[in-house]
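Scroll down for the structure; my scribbles are underneath it.
The values are calculated or read from the model by the stated rules, or taken from the named source; none is laboratory data. Please read these numbers as outputs of a predicted model, since none were measured by experiment. Cβ coordinates were reconstructed from backbone atoms using ideal geometry, including for glycine residues, and neighbour counts include every protein chain displayed.
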Amino acid sequence: MGRQISEVRKIQLTGGSTYIVSLPKKWITEHGLKPRDQVRIEWRPSGTLRVIADASPIISQREAIIDCKEIPDHMIFDHLVAAYLSGAHRILIHDSDEFSRHQRKIFRDFIKSTRGIEIINDLGQKIEMISLLGPSEIPLFSSINRMYLLISSQIMDFSEVLIEGNVDILDDSFERENEVDALRLLLERQVGQILESASIEDSLGTSRWEASELCKLVRTLERMGDHSHNLCDLTRSYRVPSLLNIESLPMSVIPIWQSSIKLLISNLKKKKISEIHKAKSQLISAKEDLMQYEEELRSSNISLENALFLDKMSESLRRICAYSINMAEILMNIQTHRDSREVYTSSTDI
């Protein structure tokens with residue numbers, strides 16, 4: 001707090017051929033450096049230079065403190081998630097009285113909803129949690145791919161239920177949704193750490209600009225996960241209509257979405273912009289077909305129960321397609337940024 005984040009320093013010429021810039025004394029002291037210690041200088045793609053205190057013996061870790069006597073019980077979980085997303089390595093929770101049974105359940109639910117957080121001290125009125133998972137131990141793209149597989153498998157299982165009627169295969173749909181949510185929180189935490197730390201940016205192998213775009217992509221996946229879970233719940237709330245046909249709307253959209261999302265996920269790393277164009281076009285067409293289907297459904301003469309099932313199913317599939325279209329646009333942003341380059345001009349030429 002109160003740290004000066006920038007200073008203007010003059011370039012000096014020494015020995016007739018060497019340019020030098022002095023380093024702030026406060027920065028040297030804060031990192032525990034001394035004369036003759038080495039620092040690493042990186043030339044960033046933007047043209048800026050970054051000075052890294054590799055020789056520093058000081059390790060900086062973020063700590064969050066939560067005072068339960070100042071927070072309503074129904075908001076404790078939100079504050080814990082906020083501490084987690086802030087990148088806190090240590091979370092200290094305390095209260096003036098012993099934690100209640102309900103509060104302890106909130107703490108357990110939080111640990112289940114995250115990755116790598118464990119309780120290391122429980123003193124009745126004070127609990128200490130730490131993160132056992134380093135920010136670079138799970139690659140961003142691996143977590144994104146895992147989210148995609150969970151969502152895709154859930155929709156495939158839903159499709160199988162519509163055909164074969166075995167609802168039991170959806171028993172773990174709630175657990176799969178929870179895993180998607182936990183991965184979303186982990187990825188948002190990692191992106192926050194990338195934006196704050198140059199070393200984490202390097203270890204995770206992505207730029208800060210790209211990380212912010214990946215954060216948007218992760219949120220679209222999480223919303224797809226919500227609707228894939230809604231589809232699974234639909235089979236428990238309504239009887240599956242016998243008139244469903246895999247080659248007709250709305251079921252015919254499922255294989256289109258599956259092939260399109262597969263193309264998009266594969267383009268997280270490779271550069272085939274034509275595949276992103278193809279996927280987006282297919283998804284836009286599928287979305288428009290579902291909108292037209294829903295309009296026609298409202299004037300059809302099928303039973304109310306069947307109409308409600310089909311309308312809810314079509315709406316969730318349409319929203320999944322819409323989020324996938326957003327994902328295609330995010331990938332185009334990323335590809336364009338990767339292909340662009342810095343061009344240097346003098347301010348006198350502008």
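Given the conditions (1) among the small types (Gly, Ala, Ser); (2) over 23 Å from Ile200 (Cβ atoms); (3) assigned by TED's automatic domain parsing to the domain that holds Ile127, which single one is not true for Ala88?
Checking Ala88 against (1) among the small types (Gly, Ala, Ser); (2) over 23 Å from Ile200 (Cβ atoms); (3) assigned by TED's automatic domain parsing to the domain that holds Ile127, the one that fails is (2).
Return the residues of segment 258-273 that are within 20 Å of Glu210 (Cα to Cα) and surrounded by fewer than 19 Cβ atoms within 10 Å (Cβ to Cβ); say none if nothing qualifies.
Looking only at segment 258-273, we keep the residues that are within 20 Å of Glu210 (Cα to Cα), and these are 261, 263-273.
Matches in segment 258-273: Ser266, Leu268, Lys269, Lys270, Lys271, Lys272, Ile273.
How about segment 148-168: which of its residues are crowded, with 16+ Cβ neighbours inside 10 Å and either of a type in the set (Gly, Ala, Ser) or without any contact (Cβ under 8 Å) to a residue 40 or more places away in the chain (or both)? Break it down stepwise before answering.
Of the residues in segment 148-168, the ones crowded, with 16+ Cβ neighbours inside 10 Å are 148, 150-152, 154-155, 157-159, 161-162.
Correct list: Ser152, Ser159.
Just to be sure I understand the filter: pairs with C-beta atoms under 6 Å, separated by 6 or more residues or on different chains, first member in segment 128-146 and farther than 17 Å from Glu201 by Cβ, second member among the β-branched types (Val, Ile, Thr). Which pairs pass?
Qualifying pairs under 6 Å: Glu128/Ile120; Met129/Ile91; Met129/Ile117; Met129/Ile119; Ile130/Ile120; Ser131/Ile117.
Among the listed residues Leu214, Leu244, which satisfies the condition of being surrounded by 15 or more Cβ atoms within 10 Å (Cβ to Cβ) and in a helix (DSSP H, G or I)?
Values: Leu244 fails: in a helix (DSSP H, G or I).
It is Leu214.
Given the conditions (1) small (Gly, Ala, Ser); (2) under 25 Å from Leu183 (Cβ atoms); (3) surrounded by fewer than 16 Cβ atoms within 10 Å (Cβ to Cβ), which single one is not true for Ala279?
Going through (1) small (Gly, Ala, Ser); (2) under 25 Å from Leu183 (Cβ atoms); (3) surrounded by fewer than 16 Cβ atoms within 10 Å (Cβ to Cβ) one by one, Ala279 breaks only (3).
Before we move on, is Gly205 at positive phi and either modelled with pLDDT of 95 or more or loosely packed, with under 15 Cβ neighbours inside 10 Å (or both)?
Numbers: at positive phi: yes; either modelled with pLDDT of 95 or more or loosely packed, with under 15 Cβ neighbours inside 10 Å (or both): yes.
Yes.
Within segment 258-273, track down each residue that is touching a residue at least 60 places away in the same chain (Cβ under 8 Å), touching a helix residue (DSSP H, G or I) at 6+ places or on another chain (Cβ under 6 Å) and outside any loop (DSSP other than H, G, I, E, B).
Hits for segment 258-273 are Ser260, Ile261, Leu264, Ile265, Ile273.
Of the conditions (1) touching a residue at least 12 places away in the same chain (Cβ under 8 Å); (2) over 17 Å from Ile144 (Cβ atoms); (3) polar (S, T, N, Q); (4) in contact with a helix residue (DSSP H, G or I) (Cβ under 9 Å, 6 or more places away or on another chain), Asn306 clears all except one; give me its number.
Looking at each condition in turn, Asn306 falls short on (4).
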